[in-house]
Amino acid sequence: MLQMDKLTVASASNQLVKQVSLSVNKGEWHAVAGPSGAGKSLTALSVYPDLLPSALSISSGAVLFQGEDLVRSPEKLRRHIVSRHIAYVFQDARSSFFPLLSIYKQWEDILKVQRPGLKKKERREKMEEALDVVLLPASVLKQYPSELSGGQVQRVALAVAWLTSPDLIIADEPTSALDVLTSAHIMELFQTLQKEKGCAILMISHDLREVLRFADMVSIMADGQIVEAGRPDSVLTAPKHEVTRRLCRSVPVLRSSIRREGAQ
Amino acid sequence: MKRTLSSRLYLLLFLFVFFILVLSWFWPVSSSAVSVPERLQGPSAAYWLGTDQLGRDVLARMLEGASYTIGFSLLAIVLSVLLGVPAGILAGMKGGWIDRLFTRIGDSFLAFPDFLLALLLSAVLGPGLFNVVIAVVLVKWIQYSYLVRGITREVTQGQAVLLSIINGSSTAAIIKAHVFPAIRSHVLVMSTTDVGKVMLLIASLSYIGLGAQPPSAEWGAMLNESRAYFTDSPRLLLIPGAAIAGTALLFHSAGDKWRDSFLKEETEAKEEKQRAANG
Amino acid sequence: MKIIGRQAVSFLLFLWIFSTISFLLINLAPGDPASTILRAEDVAVTQQQLNEVRQELGMNDSIFEQYTAWLGSFLLFDWGTSYVTQEPAFMMIMRALPATIYISAGAFLTAAVIAVPIGSAAALHRGSWIDKSARLLAVTGASVPSFLIGLVLIQLFAVQLGWLPAIGAGTWWHLLLPSLTLGIGMASFYIRLIRSSFLEALEEPSLRAVSARGISEQKLRWKYTFRAALVPVISVLGVSISSLIGGTVVIEVVFGYPGAGSLIVDSITRRDIPVIQGYTVLMAAAVSLIQLSNDLLLRWIAPNRGTEGRVF
């Protein structure tokens, strides 16, 4: 469904993402892991190139989504595809909601665009249903982003994904700013979305245990390149690349599994 | 290159304004000598800018007017700065009840119209330019002290000042080394723009008869005296009008330009710091 | 609710301080109201008459007694009788005020019509020739005194072309030139303000994410960005009203327009103290009332931002 083909993202002076190719199939959870500065976030943002910082651009390669090249398609078509089929969930979810409108007003605008036929009452019902899924009370609707906690805003962001039922959710370290309990809950919500709405997920993750537990595929990035890719249980238990090995060693559970493999 | 060129131009223009102010002191021709037979004459060798409706020399009146319009504006702003900056530093550094009292009073008066105060004062003391100066100072000093208070607080709560305090620097030394450099450019920008604003205030009040009184040749008052002659001698209105607008434009655009370049420097400095912190 | 209460208290406190100061200033100032009144009646003044009028005005009482009497009646909108026309000062001001409100509204409209498109276009095309000429226009506009603009407009449209009445009031046409003059003067301030707040609003980090959810360009600009850009504009409304007070006074004199502004100037030249006092306290009240409602408006449009967006 999503294919990145030899994607290169560059600033004026250097290449930050080099010839990255990866693909996400329908309903698949694809994790991208790697040390910070490896270009993971840029790779994720490249799906909707308008999100890239203005100093950067895609210098070569393609991003194919359901056959359409998002790098070269006209801006209007690109936005249409992205908004109907892809949902973004950022690390700092607060910055993805407009601070001066209540959640209700922002969702109303989204639904008006994405589900044009709905009546006011039906929209309201949909919103309440979505909040119910992410275990937030309906009172959140009249609140403003600044009045919600970090975990709440992140759940609101996932509720948007529930509202719009995208084919793909792109998430950039959605839990790294949250406490352990909240992040466990957020991860379960992602799983719910994958199972019940059939969403594919492309997730940048810093927690290899999460990757091992939830992801169907993992790509390890280092220095702008994908150094290793495959099923998490095989990649993470038998790392081939030096970077992957180092990453795995930092996680106690995986470290022991590596040692065991080395002993065999 | 372009930047230095335009700053030189500004410097030149400010020198010119200063020169005019000095010249107005020494100008030999009387600005109030009435000569009815020679009224409403165009520019000539004897009267470089012609004469007005009473036959007075327009050039001499313009020069006298400069000392009123520009001179009193400068006076008002210098006084406001002299009052406001120390008060702001005091409130910003001491904090506590001084600061609270200060903000309470200041909040109400920050947006208070200096025009209204000038009206009240001219009602009480009779019309005159000094009332305008008093009114301006009463309103403006609070704005300066507010500005300075904010920056002082920001600076004194920073790490550099904390370090100097630990190293045993005196309050005076901290003000000199940290506070002054931080507020200098802000005060300069605000006061430059304010001189332009106060010029317009003085000219406006004089125009409606509540500022400089005839026969004082304040530029706004000159416009008022000659307004009936717009059709016959537009020169009598265009000369003082252009002088007001031109001088105000000089101060406004200089203030603008400095704000831009200081802001740029400041963001660059901040970025530099950030880079140093990251590296 | 608590915030509203606190602000109302500080509003009343400010009014009380200001009115007291204005009372003291005027009553302790040199000059004798009694002789002003008698001179207005244009008769030879005798000491006998002076004493009678002084007694009538309560000028023989102590300053404290005068103050309490004044404050009490002031609160009941009994602002004294004009020394010149012998009418209640309150009535005179109230009669003149609507005319001033008309040209103020006209000026706001003019300023908005000029400044909103120019300011937002300058921000959207930052650094282009549009931006540069907008800045030039704004700084020039801020430097030309409004009475000069007024004089030129009168000369052009009334004297040369004869299209519009130059001075006076009565028809809608009379409103046009004063409103235009005042509005042009105000526009320069708003062009800069709208430009800078629009620029700031365009930087709002959430807008990219909102746009990625399919909200149209139009809606994004006029509902989201515009709303964010409005915050700084509203927060300086108090300043605008302040400048409007000075503006209306000057413009009304220039156009011989019978509003509160020319009333106050006449009153000052005739030392008609009750009117002056009433006007200044009323205007001070208006400014701080605007300031107050302003804070509430900001809280409504930008909750939890408080007065953060305040610009002075």
Among B:Ala177, B:Ala66, B:Ala91, which one shows the biggest mean-square fluctuation in a GNM of chain B, springs joining Cα atoms closer than 10 Å? B:Ala177
Take B:Thr267 and A:Lys105, extend 7 Å from each Cα along the Cα→Cβ direction, and tell me the distance between the two endpoints in nm. 2.8
Quick check: pseudo-label points 7 Å beyond the Cα along Cα→Cβ at B:Ser164 and B:Val78, how many nm apart are they? 2.7
Pseudo-spin-label distance B:Leu54 to B:Ser6, built 7 Å along Cα→Cβ, given in nm, is 4.3
GNM of chain B, Cα pairs under 10 angstrom: of B:Gln157, B:Gln41, B:Gln53, the biggest fluctuation goes to B:Gln157
Given H placed on each backbone N at 1.01 Å, which residues far from A:Ser21 in sequence or on other chains put an amide H within less than 5 Å of it? A:Lys6, A:Leu7, A:Ile226
Mind listing the long-range amide H neighbours of A:Ile169? Cut-off is under 5 Å, sequence gap 5 or more, other chains count too, H placed in the peptide plane at 1.01 Å from N. A:Ala87, A:Ala200, A:Ile201, A:Leu202
Residue by residue through A:120-129, how many Cβ atoms from other chains fall within 10 Å of the Cβ on average? 0
Cross-link reach from A:Lys195 to aspartates and glutamates, straight Cα distance under 16 Å and at least 8 residues apart if same chain, gives A:Glu28, A:Asp167, A:Asp216
To the nearest whole number, what is the average tally of beta carbon atoms from other chains within 10 Å of the beta carbons of peptide C:136-143? 6
Jot down the radius of gyration and Dmax of region B:57-277, Cα atoms only, both in angstrom. 21.0, 73
Heavy atoms only, probe 1.4 Å: what % of the accessible area of region C:112-215 goes to carbon and sulfur, would you let me know? 70
Choice from C:Leu97, C:Leu230, C:Leu148 with maximal GNM fluctuation in chain C (Cα, 10 Å cutoff): C:Leu148
Those helices of chain B passing the 18 Å axial Cα length cut-off and the mean Kyte-Doolittle cut-off of -1.0 (DSSP H runs only) are B:2-26, B:58-94, B:96-110, B:129-156, B:180-207, B:235-278
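Rounded to the nearest 0.05, what FRET efficiency is calculated for C:Ile101 and C:Leu136 with R0 set to 41 Å and r the Cβ-Cβ distance? Present the calculation step by step, with values, prior to reporting the outcome.
Numbers: r = 33 Å, r/R0 = 0.79.
Calculated transfer efficiency: 0.80.
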Which lysines does A:Lys18 reach when only Cα atoms under 28 Å apart count, and residues fewer than 8 places away in its own chain are ignored? A:Lys6, A:Lys26, A:Lys40, A:Lys76, A:Lys240
Over chain A, what percent of the accessible surface lies on carbon and sulfur atoms, probe 1.4 Å? 50
Quick one: length gained pulling B:Leu125 to B:Ala172 fully straight, 0.36 nm per residue minus the C-alpha distance? 12.9 nm
What is the Cα centroid distance between region C:114-144 and region B:77-152, reported in whole angstrom? 31
Let me have the relative contact order for chain A, percent, based on Cα pairs under 8 Å that are six or more residues apart. 27
Arrange the residues B:Trp97, C:Trp16 by how much accessible surface each exposes, largest first, with a 1.4 angstrom probe. B:Trp97, C:Trp16
Setting aside same-chain residues fewer than 8 positions from A:Lys126, which aspartates and glutamates have a Cα under 16 Å from its Cα? A:Glu108, A:Asp109, A:Glu196
Suppose R0 equals 41 Å; then what is the FRET efficiency for A:Gln225 and A:Ala184 from their Cβ-Cβ distance, rounded to the nearest 0.05? 0.85
Debye intensity ratio I(q)/I(0), log10, the protein assembly as shown, q values 0.05, 0.08, 0.10 Å⁻¹ (C-alpha model): -0.40, -0.88, -1.16
Determine the total buried accessible area between chain A and chain C, counting protein heavy atoms only with a 1.4 Å probe; round to the nearest 100 Å². 2300
Sites A:Thr237 and C:Leu202, calculated FRET efficiency, Cβ-Cβ separation with R0 56 Å, nearest 0.05: 0.70
Over region A:2-263, what lengths in whole Å, largest first, do the semi-axes of the equivalent ellipsoid take, defined as the square roots of 5 times the eigenvalues of the alpha-carbon gyration tensor? 32, 23, 16
Part-to-part distance (alpha-carbon centres) for region C:4-30 and region C:78-113, which is given in Å: 21
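Quick one: accessible area per residue over the protein assembly as shown, 1.4 Å probe, rounded to a whole number of Å²?
Solvent-accessible surface per residue comes out at 47 Å².
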Ignoring everything except DSSP H segments at least 4 long, calculate the 222 nm mean residue ellipticity for chain A; use -39,500 (n - 2.57) per segment, divide by total residues, nearest 500. -12500 deg cm²/dmol
Roughly what angle does helix C:237-254 make with the longest principal axis of chain C, taking Cα atoms, 0 to 90 degrees, to the nearest 10? 60
Rounded to the nearest 100 Å², the accessible area hidden between B and C, summed over both chains at a 1.4 Å probe radius, is 3500
With a cut-off of 8 Å between alpha carbons and a minimum separation of six or more residues, what is the relative contact order of chain B in percent? 19
Short version: ³J(HN,Hα) in whole Hz for each residue of region C:220-232, in order, from phi by Karplus 6.51 cos²θ - 1.76 cosθ + 1.60 (θ = phi - 60°), x for Gly and Pro, what are they? 4, 6, 8, 9, 8, 4, 4, 4, 5, 6, 6, 4, x
Specify the angular offset, from 0 to 90 degrees and rounded to the nearest 10, of the alpha carbon long axis of helix C:89-124 from the longest principal axis of the alpha carbons in chain C. 20
If one takes the longest principal axis of the Cα atoms in chain A, at what angle in degrees, from 0 to 90 and to the nearest 10, does the Cα axis of helix A:150-164 lie? 80
In whole Hz, with x marking every Gly and Pro, tabulate ³J(HN,Hα) for region A:170-186 from phi via Karplus 6.51 cos²θ - 1.76 cosθ + 1.60, θ = phi - 60°. 9, 10, 10, 6, x, 10, 5, 9, 10, 6, 4, 5, 4, 5, 4, 5, 4
From DSSP H assignment alone, runs of 4+ in chain B each adding -39500 (n - 2.57), the sum over residues rounded to the nearest 500 puts [θ] at 222 nm at -26000 deg cm²/dmol
Gain upon complete extension [B:Ala242, B:Lys94; 0.36 nm per residue less C-alpha separation]: 48.6 nm
Using the Cα atoms as the points, what is the convex hull volume per residue of chain C in Å³? 165
Between region A:144-168 and region A:89-133, what's the alpha-carbon centroid distance in Å? 9
Would you mind giving the mean number of other chain beta-carbons within 10 Å of the Cβ of each residue in A:90-101, as a whole number? 6
If contacts are Cα pairs under 8 angstrom and at least 6 residues apart, what is the relative contact order of chain C in percent? 24
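The values are calculated or read from the model by the stated rules, or taken from the named source; none is laboratory data. It should be emphasised that the depicted structure is a prediction, and the values quoted were computed from it without experimental measurement. Because the Cβ atoms are built from the backbone with ideal geometry, glycine has one as well, and the counts that use them run over all protein chains shown. Heads up: the accessible areas ignore ligands, DNA and RNA and are worked out on the full protein's heavy atoms, side chains in. Shrake-Rupley method; radii C 1.70, N 1.55, O 1.52, S 1.80 Å.
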